[in-house]
Amino acid sequence: MSKRVLIVGGVAGGASAAARLRRLDENIEIIMFERGGYISFANCGLPYYIGETIKERQNLLVQTEEGMEQRFNIDVRTHSEVTKIFRDTKEVEVVSNGKTYREKYDYLILSPGAAPFVPPIEGVNLDGIYTLRNMEDVDRIKEHVTKNKPNKAVVIGGGYVGIEMAENLKHIGVDVTLVEAADQVMGPLDFEMAKMIEKHMIDNGVNLIVGDAVERFEKNNGLEMTLKSGKKLNADMVIMAIGVRPEVKLAKEAGLEIGERGGIKVDAHMRTSDPYIYAVGDAIEVEDYINGTNTLIPLAGPANKQGRIAADNICGRESVYKGTQGTSIIKVFDLTAASTGNNEKILKRQGIPYIKSYTHSGSHAGYYPGAFPMTIKLLFSPEDGKILGAQIVGRDGVDKRIDVIATAIRAGMTVYDLEELELAYAPPYSSAKDPVNMAGFTAANILKGDMKIIHADELKNINPDEYFIVDVRTDVEFEGGHLEGAVNIPVDELRKRMNEIPKDKKIIVYCKIGLRGYIAYRILVQNGYDVYNLSGGYDLVLAYQMKYGEGLKLNDEMTRFEPMEEKKEVKPSGNTIKIDACGLQCPGPIMRVKTEIEKINEGDVLEVHVTDAGFTKDIKAWCERTGNTLIGVEKTCCDYVAYVMKGRKEKTNAQPVNVELPQGKTIVVFSGDLDKAIASFIIANGAAAMGRPVTMFFTFWGLNILRKDTAVKVNKTFIEKMFAKMMPRGSKKLALSKMNMGGIGAKMIRGIMKKKNIASLEELIEQAKANGVKLVACSMSMDVMGIKKEELIDGVEIGGVAAYLGEAEQSNVNLFI
């Protein structure tokens, strides 16, 4: 006699169980109940339909009721809700179209899924507040955005659905704010890895609020939200994406055992506490593959496998589920974030010993165009190197690498095995040493004792009297930001300058990503030093320290241009020259454009590829000021592209007036105050970026800005030596004009500038020199104050009043600071 199997719920778990049952037994009777109207749809694709990446609604329907019935001979009953289970008689109660009836079963498979969690917040049921779980939900949201064309939306929750909804609403032109109650988005990622995602979301225009939660909703010219911090938000629509909870009401009322985490308890065969009832998918508790505890991991892949295993066992095939390791991935605008296994939070909670390492690798060979960096965090056992978890953030190739590591975890492999993996290589796809190999090399070096490490989150706890910090990057990188108290000795100079490093202290070496730090480590440790390499380098320090939403957008504040219009129909008369400025930060891309446009002919077009989002506003201002034509700016999957034609697109028949107005800018810098020096160089760099000749004339106290910060051996009189001791030596010693407080004020302003990602005075000086700003030191003032040419930084000219007046006559702006 054939078996009769009832399945409650479709989509991943239920539908896969039904199809597997039929493939194994042509005679089995299968009835599937789905309370909604669709038995199998792409719930992971719902946000992309709202964002119009998926154009056709029909594409979301993986399998229709008619298709399932025809192909698999399954009795599919939609709009039918199973409301009770009678275990003693092996029956279920079904409510459909207002009618109630019963159906008998030999075996029952529960696949009710998980429902969006909606906390009891005041006003949460107001119109315009939505959750996203099924086709009915997506239809309601799609109708709202199509008919009402909302300007503002608030997404509550920074998990997968929340982030995907934020991105897709941005894609259709909605101003989006995302609110997350935790101190980070993306719970499967650790804090520092999540911060990379947060920065990218902000860079793409999402207003991000973390560490805050909604207290109440109100109707007030739309929807108004009051957060627990007191902050108020207004929106035309709200998406609740706080998370999901397993749907266990039916199982609980039937007396089935519920686990500690709130899901239906099952064994390895997917059987519940009733041997005739199985459960699969998001409603069940699973065994964590890494630590062996019961947990909730709502993912489509495991749900499909569980449905298959339940069907196997019902049909008499011994099949077991070996646990879930939580491999997951998400697209966040142009970035990809992925994880597998346990993160630090889970390992700490379970008391599992672990070591972590960071590597930064290119997605493919660096000499082949389009390589983007990815950061891999590897967690492994200190005893045998067994891999416990991994997280990756990058652009291209993240999916491939996380899948390799996920496979390695499932196979019980160690970091030593990652070293040995032979992975596909060609320049467009990878490097001879794949990022996974590099992660293995680094982790193995740590375990073998070839390298001791210290992590960015441990730096705050070190005693500065016991440690000596060496920055082995170039001096230019060092000036762009460094660890407090660090001494800059580039790795290529390390052997010659080893005498500058004390042997009675522990040495911390670091570079940008850790590679040069490792080379420096090996040099020093073989010369008797006790050394630690900063894992992940200075880039990881920045990830920990960055605070988002506070940075001053100088370009916006100074230009306030309207949003960029789309590419204009302009027919260039010359050639198109492509330049790659990806990776350069402001004002690097603008300066690259300035340099390149001088090499081309009028009518030629520069096709400029950048990764700095602020460039789209900067280039418009630059073209307006320099007499060039911005044809348009567009965003690709990987960068921003600006098309700049040399010269104006419009020609006039009017006779030109042959009067050439002065365009230069001169700045007399009399003050040696830190704040006034910063203002001087910001103005100078802004003018230079617009293509204007700029001269800065330093006199009296302003000369201290140009002094080197280290003593130089020069012959001086007694009075000159006294002057030198009383004056600040270089830009780093300057005081504030107000609130200096014995130097505390200057340190505070520098700290604030660093946190807000504003260039330091030293960086501004280097930018000015690179931009062609002429730095002139007043010869008379130098003579009076006993300052010698050898004491000044490189690139400074010596001039007198006549030199200044000559420049001033060629200027239309003259400032005295």
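With a 10 Å Cβ neighbour count serving as the proxy for reagent exposure, in which order, fewest first, do F718, F217, F372 appear? Walk me through the numbers before you get to the answer.
On the way: F718 8, F217 23, F372 19.
Ranking F718, F217, F372 by Cβ neighbours within 10 Å, fewest first, gives F718, F372, F217.
Its DSSP H runs of at least 4 residues, each contributing -39,500 (n - 2.57), put the calculated 222 nm mean residue ellipticity of the chain at -8500 deg cm²/dmol, to the nearest 500.
At what distance in angstrom do the alpha carbon centres of the stretch 463-523 and the stretch 52-77 lie from each other? Between the Cα centres of the stretch 463-523 and the stretch 52-77 lies a distance of 61 Å. Tell me, rounded to the nearest percent, the portion of alpha carbon pairs in the stretch 453-545 spaced more than 19 Å apart. Cα-Cα pairs in the stretch 453-545 separated by more than 19 Å: 30 percent. Close amide H partners of V155, meaning residues 5 or more places away or on another chain with modelled amide H under 5 Å apart, are T177, L178, V179, I239.
Remark: the stretch 46-61, residue by residue, has Karplus-estimated 3J(HN,Hα) of 4, x, 6, 6, 5, x, 6, 5, 8, 7, 9, 4, 4, 5, 7, 8 Hz, where x stands for each Gly or Pro and the curve is 6.51 cos²θ - 1.76 cosθ + 1.60 at θ = phi - 60°.
With an 8 Å cut-off on Cα pairs and a minimum separation of 6 or more residues, tell me the relative contact order of the chain in percent.
Values: 1661 pairs, mean separation 60.2, N = 817.
Contact order relative to length: 7 percent.
Remark: the stretch 532-537, residue by residue, has Karplus-estimated 3J(HN,Hα) of 9, 9, 6, 5, x, x Hz, where x stands for each Gly or Pro and the curve is 6.51 cos²θ - 1.76 cosθ + 1.60 at θ = phi - 60°.
Shape summary: the stretch 174-293 maps onto an equivalent ellipsoid whose semi-axes, from the alpha-carbon gyration tensor, are 37, 20, 11 Å in decreasing order.
In nm, what is the difference between 0.36 nm times the number of residues separating T636 and V801 and their Cα-Cα distance? Don't skip to the answer; put the middle values down first.
On the way: separation 165, 0.36 × 165 = 59.40 nm, distance 5.16 nm.
This chain segment gains 54.2 nm when fully extended.
Rounded to the nearest 5, what is the percent of antiparallel bridges among the DSSP beta bridges in the chain?
Details: 69 of 138 bridges.
So the antiparallel bridges in the chain amount to around 50 percent.
For H269, nonlocal amide neighbours, meaning residues 5 or more places apart or on other chains whose placed amide H falls under 5 Å from its own, are Y321. Sorted into 5 angstrom bins from 0, the C-alpha pair distances of the stretch 334-448 split as 2, 13, 24, 25, 19, 10, 5, 2, 0 percent.
Inverting the pair-averaged 1/r between distinct Cα atoms of the stretch 158-202 gives 10.9 Å as its Kirkwood hydrodynamic radius. Once backbone amide H atoms are built at 1.01 Å from N, I109 has L6, I7, V8, Y278 as its partners under 5 Å, excluding neighbours fewer than 5 places away on the same chain.
Normalised by residue number, the volume inside the convex hull of the Cα atoms of the stretch 354-412 is 75 Å³ per residue. Of the peptides 384-393, 407-416, the order by per-residue mean of other Cβ atoms within 10 Å, starting with the highest, comes out as 384-393, 407-416.
With both labels modelled 7 Å from their Cα along Cα-to-Cβ, the K599 to D417 distance reads 5.0 nm. Could you sort out which of K356/K754; K452/K505; K199/K512; K512/K769; K199/K219 sit more than 22 Å apart by Cα distance in this structure? In this structure, K356/K754; K512/K769; K199/K219 lie more than 22 Å apart at Cα.
Every number in this text was worked out from the coordinates using simple rules, so none of it is lab data. It should be emphasised that the depicted structure is a prediction, and the values quoted were computed from it without experimental measurement. Cβ sites come from the backbone with ideal geometry, for glycine too, and all protein chains shown count toward neighbours.
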